[in-house]
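Here is the structure we will look at.
The values are calculated or read from the model by the stated rules, or taken from the named source; none is laboratory data. In this text, all values refer to a predicted model and were calculated from it rather than measured experimentally. Positions of Cβ are generated from backbone atoms using ideal geometry, with glycine treated the same way; all protein chains shown enter the neighbour counts. Note: accessible area is taken over every heavy atom of the protein model, side chains too, but ligands, DNA and RNA are not part of it. Shrake-Rupley method; radii C 1.70, N 1.55, O 1.52, S 1.80 Å.
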Amino acid sequence: MATATDAAVDTADHGHATSTGISNTKLAMWAFLGSECLLFGGLISTYLLYKTRRGPGPDNTVIPTDVFDIPFTSVSSFVLLMSSLTMVLALSAITRGDNPATRAWLLTTSMLGAIFIGGQVYEFTSFLREGVGYTHNPASSAFYTLTGFHGVHVSLGIVMLMSLFVASKQGKLRQEHSETVEIVGLYWHFVDVVWIFIFTVIYLIPVD
Amino acid sequence: MAETTLAETTLAEEQAHDHPSDWAYVKIALLLAAITGVEVLTYFESAVTVFENNSVTIASLMVMMVVKFYMVAMYFMHLKHDNPLFTKLFVGGLVLATAVYVAALAAFEFWA
């Protein structure tokens, strides 16, 4: 009985009936994020297997762990972590129906994401200057693939956030569409938790 | 009229309990930032003698990582207050990912 009531309340909230009593879109996003765990699980495993594999030639012996700039990456990690706060504040604002605040927080989140991507581009460039190219050795290939995939996810997130910003500017994103912001937010927070894992396992755990 | 007001108040209280306030989100973020600060400190191990032992460093880092992961998933992604089915989907993915990780490392004799 309680389940039927819950379903009715949810239907009233979201305007459409679902067989589970919860939003199909949100369910799909969670299923997608569950599958994304597998993608990153595979990439992280690969990196851990190859992190110390240097190349055979004299020019391919430098691996990413030799040239990590931890203070710089720490700042990038902090920026991405704070973007999760601004994202959740954007959701909070649209739930209250405060559209200007929603736009401000969405824009701030996008900017923080862009700063993170800028930092990653700088990091990759400096690694290349140090002689760590994508195909130089197995360690560098695994590193660039893992962090590159994460960077692509962040970039897609920025595109989604900017789409929401533009929709809000055009008056197409209002309080009743708060679930859309929540779903984009779930994606954004996922990208953040993946980086929490990468930052610790790849950058901070010492390599013997 | 009084009943309606009471119902509205109760609903408002329930909603307040459903999702943390903005200030609560800020406090969570500050805690996450503080944990990140401690994580980074472990890198400069000469500054913190307790982290001079590698196994202590790794164990501390893993615990801090799990705490940060949990806090973002539970509070920012609202898993704590949302339908348990979402948690099952996400944890299911994490368990499968861990299985992939362990299988890959075992296949390549990572621990040998």
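For the reader, a short list of remarks on this structure follows.
- Sole exception among (1) in contact (Cβ under 8 Å) with a residue 60 or more places away in the chain; (2) in a loop (DSSP other than H, G, I, E, B) for A:Tyr134, by number: (1)
- Matching residues in the range A:46-68 - criterion: being at pLDDT 85 or above and either open to solvent by less than 20 Å² (accessible area, probe 1.4 Å) or acidic (Asp, Glu) (or both): A:Tyr47, A:Leu48, A:Ile63, A:Pro64, A:Asp66
- Count of residues meeting criterion [of a type in the set (Ser, Thr, Tyr) and either open to solvent by 20 Å² or more (accessible area, probe 1.4 Å) or away from chain B (no Cβ under 11 Å) (or both)] in the range A:77-93: 1
- Scan of the range A:42-67 for residues that are within 14 Å of another protein chain (Cβ to nearest Cβ) and outside any helix (DSSP H, G or I), ordered by number: A:Lys51, A:Thr52, A:Arg53
- When we screen B:Glu45, B:Glu52, B:Glu14 for residues that are of a type in the set (Asp, Glu), modelled with pLDDT under 80, surrounded by fewer than 10 Cβ atoms within 10 Å (Cβ to Cβ) and within 27 Å of the chain's Cα centre (by Cα), the only hit is B:Glu14.
- Given (1) of a type in the set (Ser, Thr, Tyr); (2) open to solvent by less than 10 Å² (accessible area, probe 1.4 Å); (3) within 30 Å of A:Glu176 (Cβ to Cβ), number of the condition A:Thr73 does not satisfy: (3)
- Residue match in the range A:108-116 (condition: open to solvent by 10 Å² or more (accessible area, probe 1.4 Å), within 14 Å of chain B (Cβ to nearest Cβ) and at pLDDT 95 or above): yes
- Residues that are buried (at least 22 other Cβ atoms within 10 Å of the Cβ), without any contact (Cβ under 8 Å) to a residue 24 or more places away in the chain and closer than 20 Å to A:Ser110 by Cα, drawn from the range A:155-208: A:Val193
- Complete set of residues in the range B:57-112 that are of a type in the set (D, E, K, R) and open to solvent by 60 Å² or more (accessible area, probe 1.4 Å): B:Lys80, B:Lys88, B:Glu109
- Considering the range A:22-41, the residues that are of a type in the set (Gly, Ala, Ser) and surrounded by 17 or more Cβ atoms within 10 Å (Cβ to Cβ) include one that is farthest from the other protein chains (Cβ to nearest Cβ), namely A:Ser23.
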